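Below is one structure, written out as structure tokens, with a few remarks after it.
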Amino acid sequence: MKATNTQIQMRKGILEFCILHIISRGEVYASDMLVELKGVELIVKEGTLYPLLNRLKNASLVSYKWVESETGPPRKYYSITPEGLSFLELLDQTWHSLIHSTQLITSKR
């Protein structure tokens with residue numbers, strides 16, 4: 001078994017959580033999300049982000065609007081919905097619980 005496979009699965013598992021956090025800060029363009037995610041080594045392919053954003057939109061957790069651009073075609077900006085904020089709150093609780101549990105287990109010798 002290769003550690004890289006497990007590492008990839010761990011990153012994928014928290015990607016939705018991190019994307020919702022990014023969007024919860026305010027309207028954001030997908031390429032700006034990619035820059036931030038790549039900067040912390042959570043995502044390297046656009047093909048991973050766009051299907052996830054579409055799933056979040058279909059689940060009514062995020063919405064988007066088109067904004068005209070002075071330098072090119074219109075841009076799609078994402079924002080979190082009230083349902084998305086509630087969902088993110090639940091994920092935050094789960095995340096903190098997981099951190100606590102993991103630290104308890106990994107700190108034992």
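Things worth noting here:
- Subset of the stretch 76-109 (residues that are without any contact (Cβ under 8 Å) to a residue 12 or more places away in the chain and among the β-branched types (Val, Ile, Thr)): Thr94, Ile99, Thr102, Ile105, Thr106
Residues checked against (1) touching a strand residue (DSSP E or B) at 6+ places or on another chain (Cβ under 6 Å); (2) polar (S, T, N, Q); (3) loosely packed, with under 12 Cβ neighbours inside 10 Å; (4) part of a loop (DSSP other than H, G, I, E, B):
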site: Leu53; (1), (2), (3), (4): no, no, no, no
site: Leu56; (1), (2), (3), (4): yes, no, no, no
site: Thr71; (1), (2), (3), (4): no, yes, yes, yes
site: Tyr77; (1), (2), (3), (4): yes, no, no, no
site: Glu83; (1), (2), (3), (4): no, no, no, no
site: Leu88; (1), (2), (3), (4): no, no, no, no
site: Leu91; (1), (2), (3), (4): no, no, no, no
site: His100; (1), (2), (3), (4): no, no, yes, no
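- Number of the exception - Lys2 against (1) under 24 Å from Thr102 (Cβ atoms); (2) surrounded by 13 or more Cβ atoms within 10 Å (Cβ to Cβ); (3) among the basic types (Lys, Arg): (2)
- Per the listing Ser24, Ser63, the residue uniquely in contact with a Ser or Thr (Cβ under 6 Å, 6 or more places away or on another chain), of a type in the set (Gly, Ala, Ser), surrounded by 14 or more Cβ atoms within 10 Å (Cβ to Cβ) and modelled with pLDDT of 95 or more is Ser63.
- Odd one out for Arg109 among (1) loosely packed, with under 15 Cβ neighbours inside 10 Å; (2) in a helix (DSSP H, G or I); (3) modelled with pLDDT under 95: (2)
- Residues being within 26 Å of Val67 (Cβ to Cβ) and at pLDDT 90 or above are represented in the stretch 8-15 by at least one member.
The values are calculated or read from the model by the stated rules, or taken from the named source; none is laboratory data. Note that the structure is a prediction, hence the values are computed from the model and not measured. As a convention, Cβ positions derive from the backbone with ideal geometry for all residues, glycine included, and neighbour counts pool all protein chains shown.
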